[in-house]
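Throughout, read-outs are computed from the coordinates displayed, never taken from laboratory work. Since this is a predicted model, take the numbers as computed values, not measurements. Glycine also receives a Cβ, built like all others from the backbone with ideal geometry; neighbour counts cover every protein chain displayed.
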Amino acid sequence: MSKACTAVYVYGMVQGVGFRYTTQHQATLLALTGFARNLDDGSVEVVACGETEQVEKLLEWLKQGGPRGAQIDRVLSEPRSVKHYDGFQIRY
């Protein structure tokens, strides 16, 4: 199995709606590592690493609307170098 890391930038009403916590739960279910954090422009950055297929599942989940309560307007993603993270964290 191949490994991948992807940075995802999610725009819309994604702060203050439990977005990072729900994304952490989803990523953990998919056995991914990385982090989710709010950015100053109101978006959320998600970095997910793990099996390529699982990273793609998280990306698809985000593109389909992510957590309830969120209103996603746009999802941008870019590949990152594969890196080891200790679990999937919420960063502040």
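Quote the charge dipole size of the chain about the Cα centre in Debye, to the nearest 20; the model charges only the Cβ of Lys and Arg (+1) and of Asp and Glu (-1). Spell out each step's value before the answer.
Details: 10 positive and 10 negative charges, 26 e Å.
Result for the chain is approximately 120 debye, rounded to the nearest 20.
Which whole-Hz couplings ³J(HN,Hα) result when phi for each residue of the range 54-59 is put into the Karplus expression 6.51 cos²θ - 1.76 cosθ + 1.60, θ = phi - 60°, listed in order with x for Gly and Pro?
Running phi through 6.51 cos²θ - 1.76 cosθ + 1.60 with θ = phi - 60° gives 6, 4, 5, 5, 5, 4 Hz.
What is the ratio of the Cα radius of gyration of the range 40-87 to 2.2 N^0.38 Å, where N is its residue count, to two decimals? Working shown, then result.
Working: Rg = 11.8 Å, N = 48, 2.2 N^0.38 = 9.6 Å.
So the Cα radius of gyration is 1.23 times the expected 2.2 N^0.38 Å.
With 10 Å bins from zero, work out the P(r) of the range 3-80 over every alpha carbon pair and list the percent per bin.
Spelled out bin by bin, the range 3-80 gives 21, 60, 18, 0 percent.
Can you sort His25, His84 by how many other beta carbons sit within 10 Å, fewest first?
His84, His25
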